[in-house]
Amino acid sequence: MAGLGRDGQGPIVGKLESQIYCIKYTLFCFNVVLWLFGLSIFALCLWICVEPGFNEWMKILELQKYFIGIYIILIGTLGIMVVAFLGCGSALMENIQLLYIYIATQIGLFVFGLIGACVVLDFSTYDSSIQPIIKEVLVRLINNPQHEGSRDILRMVQEGIGCCGADGPMDYLNLNKPLPSECRDSVTGNAYFHGCVDELTWYLEGRTGWLAGIVLASCMICVINAVMSLVLIQAVKKEDDEAITYKN
């Protein structure tokens, strides 16, 4: 019969089948991309968490709060990699119940990822919550020069990243402390202009900028997946209704 869809069905049903085919394989591809993003995020988080030198610095400077957002993202990433398989399966099977569950998980992962990215940025960027913590630790170390451990930590930080004091060389002068040799550039002999608070923050910013960017991109994909799943559900329901109507 002219104008019929596949399997002898009506033209509307045939058109819906083509749309459903396009939507579900697009959704499948987006889930593959989301899984790859999740794998990348997991690898970055794992690298940040287990790198020996970096972890020692964070422990010495009492900056463990920085890892709160990393752990949140790490947990969310595991969910992304598992749920991506659910999305692929529910889309290919056109299972409405599984698609509803998948939409709920995408909303949950979006919220989880957004919280993780916000926490990471709040503890690793300029003018963030991490700066007062760094300043408090450094001022305490500067005020306690007679302690061998304090001198070693300050020397390690100031030499390692090329900085002086918490906010600059004036910290030592204001506290009536001598300017240590590690506060000076070994080539020019001039004191470093920037304080360690800013330098450490920029150092952390460089490590987590890419991570936060990929997480936010994954959140966007979660929204797209949820919308496409909802469209797929409506299309499948409409196809079923049209098929019943055509048969009757």
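Details
- Relative contact order of the chain, pairs being alpha-carbon contacts under 8 Å that are 6 or more residues apart, as %: 28 percent
- Carbon + sulfur, % of accessible area of the chain - ligands and nucleic acids excluded, 1.4 Å: 66 percent
- Area of Val82 that stays accessible when all protein chains are in place (1.4 Å probe, Å², to 10): 100 Å²
- When the chain is treated as a GNM with alpha-carbon contacts under 10 Å, the residue of Ser40, Ser181, Ser129 showing the greatest mean-square fluctuation is Ser181.
- Computed E for Lys238/Ile115 - FRET, C-beta separation, R0 45 angstrom, nearest 0.05: 0.80
- Its Cα centre serving as origin, region 60-180 has a Cβ charge dipole (Lys and Arg +1, Asp and Glu -1) of approximately 120 debye.
- Dipole of the chain, positive end: most advanced residue of Leu27, Ala191, Ile75 [Cβ charges, Cα centre]: Leu27
- Hz values of 3J(HN,Hα) by residue in region 42-50 - Karplus curve (6.51, -1.76, 1.60), Gly and Pro given as x: 4, 5, 5, 4, 5, 4, 5, 6, 9
- Sorted into 5 angstrom bins from 0, the C-alpha pair distances of the chain split as 1, 6, 12, 13, 11, 9, 8, 7, 6, 6, 5, 4, 4, 3, 2, 2, 1, 1, 0, 0 percent.
- Less than 5 angstrom separates the built amide H of Gly168 from those of Gly195, Cys196, all sequence-distant by 5 or more or on a different chain.
- Of the residues Asp152, Asp127, ranked by 1.4 Å probe accessible area with the largest first, the sequence reads Asp127, Asp152.
- Projected label points at Leu179 and Ile75, each 7 Å from Cα along the beta carbon direction, are separated by 4.8 nanometres.
- Magnitude of the charge dipole for region 108-248, about its Cα centre and with charges confined to Cβ atoms of Lys, Arg (+1) and Asp, Glu (-1), is about 120 debye.
- Per residue, the chain exposes an accessible area of 52 Å² to a 1.4 Å probe, with every protein chain left in place.
- For the residues Cys22, Cys163, a 1.4 Å probe over the protein chains yields an accessible-area ranking, largest first, of Cys22, Cys163.
- Residue-by-residue Karplus 3J(HN,Hα) for region 160-175, coefficients 6.51, -1.76, 1.60, Hz, glycine and proline x: x, 10, x, 9, 9, x, 7, 10, x, x, 4, 4, 5, 5, 5, 9
- On Cα atoms only, tilt of 96-122 relative to the major axis of the chain in degrees: 20 degrees
- Simple spin-label estimate for Phe193 and Ala43 in nanometres, 7 Å along Cα-Cβ: 3.8 nm
- Over 25 Å [Cα-Cα, region 19-156], rounded percent: 46 percent
- At the residue level, Phe112 shows approximately 80 square angstrom of accessible surface with a 1.4 angstrom probe and all protein chains present.
- With every protein chain in place and a 1.4 angstrom probe, the accessible-area ranking of Trp57, Trp47, largest first, reads Trp47, Trp57.
- Isolated Cys in the chain, by beta carbon distance under 4.7 Å: Cys22, Cys29, Cys45, Cys49, Cys88, Cys118, Cys219, Cys222
- Theoretical gain in end-to-end length, Ile224 to Trp202 [0.36 nm per residue, Cα-Cα removed]: 4.7 nm
The values are calculated or read from the model by the stated rules, or taken from the named source; none is laboratory data. All values reported here derive from a predicted model rather than from experimental measurement. Every residue, glycine as well, gets a Cβ built from its backbone with ideal geometry; the counts of neighbours run over all protein chains shown. We work out accessible area using only protein heavy atoms, side chains counted, and drop any ligands, DNA or RNA first. Shrake-Rupley method; radii C 1.70, N 1.55, O 1.52, S 1.80 Å.
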